[in-house]
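Q: Structure below; questions to follow.
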Amino acid sequence: MTRIPFLKRWFWSGILLSCCFGASSVLQSALKLFSSGVASYSVETNYLHWDTPFPAVTICENENNRVNVYLKEFHPIATEFGECFVFNSALLGNTSIFTVNRRIGLPDLLFTAINVVDVTVHAPDDMVSVAMENIFGRGTIPLVTEFEAVLKVEQTVNDASVMSLPTSMRGCLFKEERPSLPSWPFEEYTYSACLLYCRVLAQTSACNCTHHFLSNMLGTPACNIQGLVCLYRNKDAIVKYQCNCPMACDDTQYKAVHIFFNRVNKSPELMKRGSRAKIRFSNLPSLRVRRLAIKDQLGLVVDIGGVGGVFFGASLLSVIELLYLWFIRRN
């Protein structure tokens with residue numbers, strides 16, 4: 001057996017240790033990138049072929065007033081405020097949400113109301129609740145008012161690689177996923193639904209019942225007189241109740257660019273006509289945000305293979321060959 005010179009032995013030992021150190025450093029960086037901060041965001045501007053959902057509009061009546069609409073697309077829906085009327089909502093089994101694009105243009109939504117109403121603009125899959133922020137501020141249209149709201153839309157979409165990331169890494173939930181809340185009652189996840197259910201849990205935790213409007217929506221025990229008194233006494237604790245509600249991965253937000261209120265004279269003709277409202281987009285969106293996975297599981301495997309090839313000249317085939325020489329051919 002040929003004896004390896006001492007100097008050559010030290011030389012190759014140093015090379016091997018250097019390769020091990022380099023491979024360890026690169027793999028640690030790859031693992032750190034995979035385990036934390038793996039989602040990034042980019043801005044898309046290829047807007048020519050986008051379909052943008054028109055907002056859902058929920059109108060809640062005050063004192064049992066009547067809502068007259070030019071479109072026959074407002075449907076009754078149960079909310080935390082009682083029965084309201086909604087346009088373009090996906091919660092009613094509507095699979096064909098109204099969208100706008102370069103071909104359709106910018107339509108206006110017009111409706112009238114003969115008395116005071118509260119108007120909320122939101123995404124088509126959102127649920128209206130007390131916890132939802134109204135982009136109009138107060139959201140109330142006074143008597144005999146010319147109301148116009150000009151909106152812009154901000155969308156967040158996801159690359160296919162985001163689906164492979166664990167929930168804890170991407171920090172959001174897709175519609176088919178479920179939050180870590182007990183007895184989740186909804187078929188799909190949205191951030192607004194999570195906030196609504198959080199209020200249900202808060203009221204149930206404090207008083208073992210919920211407001212009757214929530215009871216009608218979710219089938220929870222409705223509060224009697226004593227229960228309503230309990231809700232009132234514990235209102236501060238209910239507001240402060242904390243729930244883990246991740247953001248929705250597919251998110252559409254509408255923001256008000258301009259809001260116009262024009263109070264007109266209350267002539268008999270205008271009192272009969274009521275308030276007139278118009279909701280429209282200022283322009284079609286020209287950019288949106290895309291969530292990307294910086295490092296998914298496939299990317300981590302590629303990194304490991306690349307490190308093995310660069311520092312050790314190894315591949316999956318060479319590993320199999322080494323195992324073959326050690327355990328099969330050796331015998």
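The values are calculated or read from the model by the stated rules, or taken from the named source; none is laboratory data. All values derive from a computational prediction rather than experimental measurement. Glycine gets a Cβ as well: all are built from the backbone with ideal geometry, and neighbour counts include every protein chain shown.
Q: If you take the residues in region 198-231 that are surrounded by fewer than 17 Cβ atoms within 10 Å (Cβ to Cβ) and part of a loop (DSSP other than H, G, I, E, B), which one is modelled with the lowest pLDDT?
A: Among them, the one singled out is GLY219.
Q: ASN262 - would you say it is in a strand (DSSP E or B) and either touching a Lys or Arg at 6+ places or on another chain (Cβ under 6 Å) or in the same structural domain as VAL121 (by TED's automatic domain parsing) (or both)?
A: Yes; evaluated as a whole, the condition is true for this residue.
Q: Hey, could you check region 40-69 for residues that are modelled with pLDDT under 75 and among the hydrophobic types (A, V, I, L, M, F, W, C) and say which is nearest to ILE97 (Cα to Cα)?
A: Of everything passing the filter in region 40-69, VAL69 is nearest to ILE97 (Cα to Cα).
Q: Quick one: would you say LYS72 is in a loop (DSSP other than H, G, I, E, B), farther than 21 Å from ASN134 by Cα, out of contact with any Gly (no Cβ under 8 Å at 6 or more places or on another chain) and modelled with pLDDT under 85?
A: yes
Q: Determine whether ILE238 is touching a Leu at 6+ places or on another chain (Cβ under 9 Å), at pLDDT 75 or above and under 29 Å from GLU61 (Cα atoms).
A: It is true that ILE238 is touching a Leu at 6+ places or on another chain (Cβ under 9 Å), at pLDDT 75 or above and under 29 Å from GLU61 (Cα atoms).
Q: Turning to a different aspect of this structure: For region 178-197, enumerate the residues that are within 16 Å of the chain's Cα centre (by Cα) and either surrounded by 14 or more Cβ atoms within 10 Å (Cβ to Cβ) or assigned to a helix (DSSP H, G or I) (or both).
A: Passing the criteria: PRO179, PHE186, GLU188, TYR189, THR190, TYR191, SER192, ALA193, CYS194, LEU195, LEU196, TYR197.
Q: One residue is enough: does region 247-256 have a residue meeting the conditions at pLDDT 90 or above and part of a loop (DSSP other than H, G, I, E, B)?
A: Filtering region 247-256 for residues at pLDDT 90 or above gives 247-256.
Add one more test, that the residue is part of a loop (DSSP other than H, G, I, E, B), and what stays is 249-250.
Checking region 247-256: at least one residue is at pLDDT 90 or above and part of a loop (DSSP other than H, G, I, E, B).
Q: If a residue must be of a type in the set (Ser, Thr, Tyr) and surrounded by 12 or more Cβ atoms within 10 Å (Cβ to Cβ), how many such residues does region 14-23 contain? Working first, answer last.
A: Step one: list which residues in region 14-23 are of a type in the set (Ser, Thr, Tyr), which gives 18.
When the remaining residues are screened for being surrounded by 12 or more Cβ atoms within 10 Å (Cβ to Cβ), the result is none.
Result for region 14-23: 0.
Q: Shifting gears a bit: Pick out the one residue from SER192, SER129, SER183 that is outside the structural domain of CYS223 (by TED's automatic domain parsing) and of a type outside the set (Val, Ile, Thr).
A: Going through SER192, SER129, SER183 in turn, the sole match is SER129.
Q: OK, next. Return the residue satisfying two criteria in turn: it lies in region 129-169 and is over 28 Å from ALA293 (Cβ atoms), modelled with pLDDT under 90 and among the aliphatic types (A, V, I, L, M), and of such residues it is nearest to the chain's Cα centre (by Cα).
A: Only one residue tops the list, namely MET132.
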